[in-house]
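Since the structure comes first, as structure tokens, the remarks are kept for the end.
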Amino acid sequence: MSKIVRYRFMGSWWWFWLLCMTGIGLPLAVLYLLTGTVRMDTDVDDPEQIAEDLYSGKLTGKQSAN
């Protein structure tokens with residue numbers, strides 16, 4: 001079984017950009033980005049099919065009501 005690895009930032013984008021705009025806060029912004037990002041591993045049977053569906057537009061973040 002293969003894995004799909006995704007990264008997602010769980011922190012506040014507002015705080016991140018605020019820290020980026022200040023020169024002294026830039027190192028803190030990088031640290032905030034690294035500590036606020038989580039790694040998600042998902043086991044899948046056919047990762048190539050999922051990638052193909054994703055790039056073709058079949059997989060979106062919204063599910064239909066059908």
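Readers should treat all values here as calculations from the given coordinates under stated rules, not as data from a laboratory. Only a predicted model underlies this, so the values are computations on that prediction, with no experimental measurement involved. Reconstructed Cβ throughout: ideal geometry from the backbone, glycine too, with neighbour counts over all protein chains shown.
Annotations
- For Kirkwood radius over Cα pairs in Å, the candidate list reads [x] 14.6; [y] 12.2; [z] 13.0; the entry that matches the value derived from this model is [x].
- Within the chain, longest stretch free of exposed trypsin sites (Lys or Arg not before Pro) [DSSP loop, at most 11 other beta carbons within 10 Å]: 1-57
- Per-residue 3J(HN,Hα) values for region 11-25, derived from phi via the Karplus relation 6.51 cos²θ - 1.76 cosθ + 1.60 with θ = phi - 60°, read x, 8, 5, 4, 5, 4, 5, 4, 5, 5, 6, 9, x, 6, x Hz in sequence order (x marks Gly and Pro).
- Label-to-label distance, S2 versus S56, with points set 7 angstrom from Cα along the beta-carbon direction: 1.5 nm.
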